[in-house]
Amino acid sequence: MRKLAGIAAILAFLLLVGCGNNGNNQAAGNQNGTTNTGNTAGDQNQTDGNTNGNADQPTDAVTSASIVDNEAAFKKAISKEGTWIAATLKDLTFTEDLVLEGDFIHKEEKARKIALYTQDAEHNITNSFKLTAPKITIRSENARIQGGTFVGDVYVEANNFKVVNATIQGNVYFAKDEYQATYDASDQGTVTGVTEVQK
């Protein structure tokens with residue numbers, strides 16, 4: 001009986017992995033808003049790192065980006081219940097403030113990424129997009145805005161925030177000196193306004 005239960009568990013896990021891989025073959029432009037697929041912005045099929053502590057159940061072994069084409073899906077992707085990468089397929093505009101929060105693991109480290117671009121198989125950027133909001137608050141450690149333009153102010157409340165090959169058309173404010181000390185925009189990052197601590 002125990003052997004039969006073990007075989008059933010293995011078959012269920014293989015079915016789960018197979019379904020997950022099928023999702024990676026979907027077109028990025030899902031008109032329903034969100035596609036959990038291999039990220040057009042680069043990193044795909046990464047280990048989630050969020051385990052429930054139950055050794056008897058298989059964990060979600062495959063994590064991928066939320067590829068979004070509308071504001072509601074983007075807000076969900078950057079929330080605590082979202083994914084470690086939120087990638088957009090077009091310009092998005094918000095009238096309310098945004099918050100990037102939650103802890104996600106990528107390559108055994110905490111990481112979050114807002115990818116404002118798409119790329120080809122050789123990782124060349126094919127399109128860059130604009131994200132507009134009054135402000136965005138960064139509460140996830142090791143977060144980055146990459147590959148496009150954010151129009152608004154950025155408020156940083158976590159270590160190791162990066163602007164990578166992207167432009168912030170606004171100011172970047174840090175809640176603490178230590179957050180500013182770990183900030184990096186050296187990889188083609190541009191901020192048009194001030195970059196300062198605002199306590």
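Eigen-decomposition of the gyration tensor built on the alpha-carbon atoms of the stretch 52-199 gives equivalent ellipsoid semi-axes of 24, 19, 15 angstrom, largest listed first. For the stretch 151-199, report the translational diffusion coefficient in µm²/s to the nearest whole number, using Stokes-Einstein at 4 °C, 1.567 mPa s, and a Kirkwood Rh over Cα pairs. Diffusion coefficient, whole number: 123 µm²/s. Once C-alpha pairs closer than 8 Å and six or more residues apart are averaged by separation and normalised to the residue number of the stretch 56-176, the relative contact order reads 19 percent. Rg over Rh for the stretch 73-139 works out to 0.98, using Cα positions for both radii and the Kirkwood form for Rh.
Label sites at T93 and N127, each approximated as a point 7 angstrom past Cα along Cα to Cβ, lie 1.8 nm apart.
For the stretch 115-199, what does the relative contact order come out to in percent, with C-alpha contacts under 8 Å and a separation of six or more? Relative CO of the stretch 115-199 lands at 23 percent.
For the stretch 79-141, carbon and sulfur atoms together expose 43% of the accessible surface, with a 1.4 angstrom probe and every protein chain in place. For the stretch 102-168, the spread of Cα positions along the three principal axes, ordered from largest to smallest, is 32, 31, 15 Å. With 27 Å as the limit on Cα-Cα distance, the pairs of K90/K176; K90/K199; K107/K199; K80/K130 that go past it are K90/K176; K90/K199; K107/K199.
Given +1 at the Cβ of Lys and Arg, -1 at the Cβ of Asp and Glu and no other charges, the dipole of the stretch 119-199 around its Cα centre is 280 debye to the nearest 20. Backbone phi angles across the stretch 193-199, fed through the Karplus curve with coefficients 6.51, -1.76 and 1.60 (θ = phi - 60°), yield HN-Hα couplings of x, 7, 10, 7, 7, 10, 8 Hz in residue order; Gly and Pro are listed as x. A Förster radius of 22 Å combined with the Cβ-Cβ distance from D103 to A181 puts the calculated FRET efficiency at roughly 0.60.
The values are calculated or read from the model by the stated rules, or taken from the named source; none is laboratory data. Everything numeric in this text was worked out from a predicted model, so none of it was measured. Neighbour counts run over all protein chains shown; Cβ positions are idealised from the backbone, glycine included. These area figures cover heavy atoms from the full protein model, side chains too; ligands, DNA and RNA do not enter into them. Shrake-Rupley method; radii C 1.70, N 1.55, O 1.52, S 1.80 Å.
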